[in-house]
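Before any comments, here is the structure.
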Amino acid sequence: MSTTASPLATKAIRLLLAASGLSAVVLASSSCTEPAAGPARAQARFAQCTPCHGDNGEGKALQIAPAIAGLPSWYVEQQLHHFRSGIRGSHFDDLGGMRMKPMSIALPCPRVRPADLANPMKDGDCEGRDDVKDMAEYVASLPSPPRMAATISASPTAGRQLFAACAACHGADGGGNPAMKAPPIAGHADWYVYTQLKNFKHGVRGSNPKDTQGMIMAGIAKGLPDDASLRNLAQFVSELPVRRPN
């Protein structure tokens, strides 16, 4: 008997993911016991991230949640706004992104205007707080986690040859380049790099015209000839020494 889910079952799973995420927003937004603002508030709210990303932001493959600890604050803040505005996490084939979108909206300040989610705005209730920025800074302050064990079979030697196209933005060591809004990628889990390359290649991510860097990445990924090249590149990137400047 085949164990492959039918299209209808897959759709049901995606709808359940979206529904569970929306439920999390309601629960997360109802807390009345959080600190007023700043790092302590972000730390308290990080408890909502741990079921997927782990207690220390180390990531969980089974939850389709990457390691986030130690990532630059500017990148975490950018991606949270992308999720909140629908630039990322809106494609039906992005299961992990669909879960992140409602969780990001659960950060109440700055407020998100329903009529135009691409333009978050503060209102009087926020009293100058920026939960998105505070969360980004808290995540960036966490120690970079240990490297995840390899999960895919590929050739890092072949991946090294493909990496030249990445180095122009992400750096020869994969350490990232804030000036080019290119995040560090060295040491990311192979499954996550592979998944994101597939998403970029097939229009799941990077197709929104407001995602300038994502569109650049999509162009690069579309230039990779086949699935084996995605795997090879992902494994090479995952084996690079972690370097995450803020």
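Given H placed on each backbone N at 1.01 Å, which residues far from R111 in sequence or on other chains put an amide H within less than 5 Å of it?
Long-range HN contacts for R111: M121, K122, D123.
Under the rule of at least 5 residues apart or a separate chain, name every residue whose amide H is placed under 5 Å from the amide H of K60.
Under 5 Å from the amide H of K60: A65.
For a test of the definition: using alpha carbon positions, the gyration tensor, and the 1.5 limit on a/c, classify region 156-239 as rounded, prolate or oblate.
Note, shape of region 156-239 comes out oblate.
Residue by residue through region 184-191, what is 3J(HN,Hα) from phi via Karplus (6.51 cos²θ - 1.76 cosθ + 1.60, θ = phi - 60°)? Round to whole Hz and write x for glycine and proline.
x, 10, 4, x, 4, 4, 4, 5
Check N177: other-chain or 5+ apart residues with amide H under 5 Å from its amide H, H built from backbone geometry?
A182
How large is ³J(HN,Hα) for each residue in region 213-229, as worked out from phi by the Karplus curve 6.51 cos²θ - 1.76 cosθ + 1.60 (θ = phi - 60°), to whole Hz, x for Gly and Pro?
Here the 3J(HN,Hα) series is 5, x, 5, 5, 4, 4, x, 5, 5, 5, x, 6, x, 7, 5, 4, 5 Hz.
Residue by residue through region 137-146, what is 3J(HN,Hα) from phi via Karplus (6.51 cos²θ - 1.76 cosθ + 1.60, θ = phi - 60°)? Round to whole Hz and write x for glycine and proline.
Taking θ as phi minus 60°, the curve returns 5, 5, 4, 5, 7, 6, x, 4, x, x Hz for region 137-146.
Would you mind putting 231-241, 210-220, 86-96 in packing order, based on average other-beta-carbon counts within 10 Å, highest first?
Ranked from most to least packed, the peptides come out as 231-241, 86-96, 210-220.
Every number in this text was worked out from the coordinates using simple rules, so none of it is lab data. Quick caveat: nothing in here was measured; it's all calculated off a predicted structure. Cβ coordinates were reconstructed from backbone atoms using ideal geometry, including for glycine residues, and neighbour counts include every protein chain displayed.
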